[in-house]
1. For B:Gly196, what charge total do you get from the other residues with a beta carbon under 13 Å from its beta carbon, if Lys and Arg give +1 and Asp and Glu give -1?
2. Would you mind working out the magnitude of the charge dipole of chain A relative to its Cα centre, with +1 at each Lys and Arg C-beta and -1 at each Asp and Glu C-beta, to the nearest 20 Debye?
3. Among the DSSP beta bridges whose two residues both lie in the protein assembly as shown, what percent are antiparallel, rounded to the nearest 5?
4. Could you give the radius of gyration (one decimal) and Dmax (whole number) of the Cα atoms in the protein assembly as shown, in Å?
5. Would you work out the Kirkwood radius for the stretch A:1-132? I mean one over the mean of 1/r across all pairs of different Cα atoms, in Å.
6. List B:Val235, A:Val141 from most exposed to least, where exposure is judged by having the fewest other Cβ atoms within 10 Å.
7. What nm distances, shortest first, do you get from the label point of A:Ala277 to those in the other copies when the point sits 7 angstrom along Cα to Cβ?
8. Can you tell which of A:Gly234, A:Gln73, A:Leu222 lies farthest toward the positive end of the dipole of chain A, using +1 and -1 charges on the Cβ of basic and acidic side chains (Lys, Arg; Asp, Glu)?
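Since every read-out is calculated from the coordinates, none of them should be taken as a lab result. As the structure is a prediction and not an experimental result, all values here were calculated from the model. Note that we place each Cβ from the backbone using ideal geometry, even for glycine, and neighbour counts take in every protein chain shown.
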Number of protein chains: 2
Amino acid sequence: VPADSAGLVIGSGDDAAVSLREGAAVTSVDALVEGVHFRMPPFSPADVGHKALAVALSDLAAMGASPEEAYVQLGVPEEVDDDTLLELADGLGRLAAEHGVAVAGGDVTRAPALLCAMTVVGSVSDPAAAVRRGGAQPGDVVAVTGALGGAAAGLLALDRPELAAALEPAAAERLRLRQLRPFPRLAAGRALAEAGATSMIDISDGLGADAGHVAAASGAALGIEVERVPVEPGVSELAGAAGVDPLDLALAGGEDYELLVTLPEQGLEAAVAAVAATGTSLSAIGEVTPGEGVLLSEGGAATRQPSGFDQLRSLRAPGALP
Amino acid sequence: VPADSAGLVIGSGDDAAVSLREGAAVTSVDALVEGVHFRMPPFSPADVGHKALAVALSDLAAMGASPEEAYVQLGVPEEVDDDTLLELADGLGRLAAEHGVAVAGGDVTRAPALLCAMTVVGSVSDPAAAVRRGGAQPGDVVAVTGALGGAAAGLLALDRPELAAALEPAAAERLRLRQLRPFPRLAAGRALAEAGATSMIDISDGLGADAGHVAAASGAALGIEVERVPVEPGVSELAGAAGVDPLDLALAGGEDYELLVTLPEQGLEAAVAAVAATGTSLSAIGEVTPGEGVLLSEGGAATRQPSGFDQLRSLRAPGALP
């Protein structure tokens, strides 16, 4: 436990950790299971540790929270050696250090597959400062950080290395890293919360599916113009080589861990600048309207279904329930 | 999420839960894995849910903390049906309700074995109020709540039902429930914290091993007079039928989830009364002395090893990693 971690009084080694924090606590859990969410290879142990923490922190980012502590539960099959666990802990620990997160507790047990169940705790100044999924208002702009489709394209490149020959080596590597080493948009999430975000979610299931969660929670419709959706460089080339539509990867691929946000139109310009200051972009991709569900349009006309791309699902490991 | 749960603002259904609490947060994680910590049968799905939460809450009890929230991560094999999950959730939810714990978040994923990873969060009035493992002082009394050996005897009774014929049916059932449905000593833990406990730990690994953890953290020796260790009724009869020493079950069986506590001798009488008011007993079993390790004595003479009862270990499912 870093000595300077804000508020943490007792770390690993006792029955529980004790921490003091200002404001309200924000807590999320997430698990990665071998054979379900990853395979080794192509994932290295350090990739597994990184990704397990990153996807958990991404949920805090989507609340606009500042991360503080992580608790790690490892399930370890008998055949996994200590070096593998040390590498996993190193990948996790490096990401934790980069974001000022204290690994405050943990538990290791036997399990039939390698698994890493994370609990992350962060804070917001008061409960009203947490950005929920249910606050999107008709008239709000729909926007997304960064670019989409990279994680799904990276998975394709990892599963079928011959496809990556269509790309520059550096571009192929960047796509693979989008799958192996997602970046939790914590600073962007805080910037968007301060810029007046009315709702926010991280894109884990895919833009269409996650927009659907916001629409359902908000009691409004999210209109998305698909030609405005930022697509990660290299995704089109890789999708072309694989014979899939790059927009399917961007709209339904999932695991990009970018933030989908709604905010009043007059706040957009300031939000773009605030997100730019965190090192990524914010792109307006549509508008909240009265109604329900996700309305995808292309060239002004209603278009494809927002989720349920069976072709893509079949490319991925057996997914999370439900 | 119960509407009246103290301080919880946003429960399941958003990216994270948001909570306000007075004082300092106390957080612990614990996991149960099928084939490692339980088998079904003899565990019912409701037993699994109960025990997963109970063993996690037991860590909060050992800090003297008041429980507030639980976060559940379920790993579910394909062949497990929805009814099983509902029964598990019911067992967990009933125990949560009994202790005023809000199930504030969760996550369900595929896994090769049924597993339940819990995170529990409670509070103490301030960090100094949390009872750690490292505060035992020479001269303190060593004491234990309730009685020991029941969980190990219950496991024997479940594994070898013919042994239970030596007992009254109600006595055999009580032992089985000590294994299947441990009771987290939350009220006793708070009472002991208020009564001036200098160190506390819950007995999960076994009295000898857990006393060793306190001794190591405190830089002192824990002397335990084995004839003073309270043994659960029925354990002697069951151990006799099995041909094992009942004291082995009481000293090394583990999973009793009673509290091992040290406190100044002048506070013992009040502590006994305070624990009695929570519905269980507190028994003095020894004294903290200068030195290191655990010193077991019988009739005034040094006796058996405090841990490493290989005979017992072989009776249990393959254990958790260190």
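1. -3
2. With Lys and Arg at +1 and Asp and Glu at -1, about 400 debye.
3. Approximately 75 percent, going by the DSSP bridge assignments.
4. Gyration radius and largest Cα-Cα distance of the protein assembly as shown: 26.5, 90 Å.
5. Evaluated over the stretch A:1-132, this radius sits at 15.1 Å.
6. Listing B:Val235, A:Val141 from fewest to most nearby Cβ atoms yields A:Val141, B:Val235.
7. Once sorted, the set of distances for A:Ala277 reads 5.4 nm.
8. Most positive-ward Cα: A:Leu222.
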